[in-house]
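Undergrad: My structure is below; once you've seen it, I'll send some questions.
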Amino acid sequence: MSDTGQSAPAETIAPAAKFRSDVSVELVQAAAQDSDVVWSARVSTSGEKSIEAQNEDASSSKGLINFLMKNRHGTPFEHNSMTFMVSAPIFVFREFHRHRVGWSYNEESGRYRELAPVFYVPGPDRRLVQIGKAGRYEFVEGTAEQSRIVHESTIRACETAYGAYQEMLDAGVAREVARGVLPVSTFSTMYATCNARSLMAFLSLRTKDEDSTFPSYPQREIEMVGELMEEQFARLMPITHACFVANGRVSP
């Protein structure tokens, strides 16, 4: 009880922060198979009869798919759709949204909901030290001391930031104002919809493969997202994916 005889307001207890070193990608829905490439390509020579190829065994048309990929006839790879739910730190989405052609996004909003205290902290296998020139650099293992500093500093900064966020919310400050103190390591969730052509363009830039015609040097965290998307792509459209790899991971 207070001196006035009235009960003191209960102290708001902020939820404990959670830290993740991974990302998640879920295939929500898809209308994507290798035969989509075949029938959409054959309209060029077969007209309305190309629709018959929808029920064709695409494995018999591997040569056609490879020809289209090799010679970069790209539009037949657009007649399909994949929708993913991606959970990753905000800084990954800032890179992701640079991919605009053939992509649609809807991300959770810090204006309309209270954001959960979930943050990214690099795992023990995350290389910490950058060497080389910008655009062609590599990362090497950090020391045990560097790893400790990254881990402890990240946790301390995120917990402090989320405490400030909660303090403003408790004081009645609008969510869209309070969110300004949160770091880009805060996890967010979005739906991302694409077709095979736009996904291959993404993978060519956001995954690293020594056999790529045009080597890329992506940030590891967005590469983690790309790797999970590629697993689903390879399952849905195995012939198309195999031709993508065989032709140097160049999007048609």
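The values are calculated or read from the model by the stated rules, or taken from the named source; none is laboratory data. In this text, all values refer to a predicted model and were calculated from it rather than measured experimentally. As a convention, Cβ positions derive from the backbone with ideal geometry for all residues, glycine included, and neighbour counts pool all protein chains shown.
Undergrad: Within region 130-142, does at least one residue satisfy the condition of being in contact with a helix residue (DSSP H, G or I) (Cβ under 7 Å, 6 or more places away or on another chain) and within 13 Å of Q219 (Cα to Cα)? Don't jump to the end; show me each part of the working.
TA: Residues of region 130-142 in contact with a helix residue (DSSP H, G or I) (Cβ under 7 Å, 6 or more places away or on another chain): none.
No: region 130-142 contains no residue that is in contact with a helix residue (DSSP H, G or I) (Cβ under 7 Å, 6 or more places away or on another chain) and within 13 Å of Q219 (Cα to Cα).
Undergrad: Looking at N80 and the list (1) touching a strand residue (DSSP E or B) at 6+ places or on another chain (Cβ under 9 Å); (2) free of Cβ contacts under 8 Å to residues at least 24 places away in the same chain; (3) closer than 30 Å to Q29 by Cα; (4) not acidic (D, E), which single condition is not satisfied?
TA: In the conditions (1) touching a strand residue (DSSP E or B) at 6+ places or on another chain (Cβ under 9 Å); (2) free of Cβ contacts under 8 Å to residues at least 24 places away in the same chain; (3) closer than 30 Å to Q29 by Cα; (4) not acidic (D, E), N80 misses (2) alone.
Undergrad: With a cut-off of at least 1 residues that are among the acidic types (D, E), within 14 Å of the chain's Cα centre (by Cα) and surrounded by fewer than 16 Cβ atoms within 10 Å (Cβ to Cβ), name the helices (runs of 4 or more DSSP H) lying wholly within region 143-252.
TA: On the way: elements: 144-170, 175-178, 196-206, 220-236, 238-246.
Filter on region 143-252 gives 220-236.
Undergrad: Within the set of pairs 6+ apart or on separate chains, which have a first residue in region 177-198 that is within 15 Å of I155 (Cα to Cα), a second that is modelled with pLDDT of 95 or more and in a loop (DSSP other than H, G, I, E, B), and C-beta atoms under 7 Å apart?
TA: L182/L115; T186/L115
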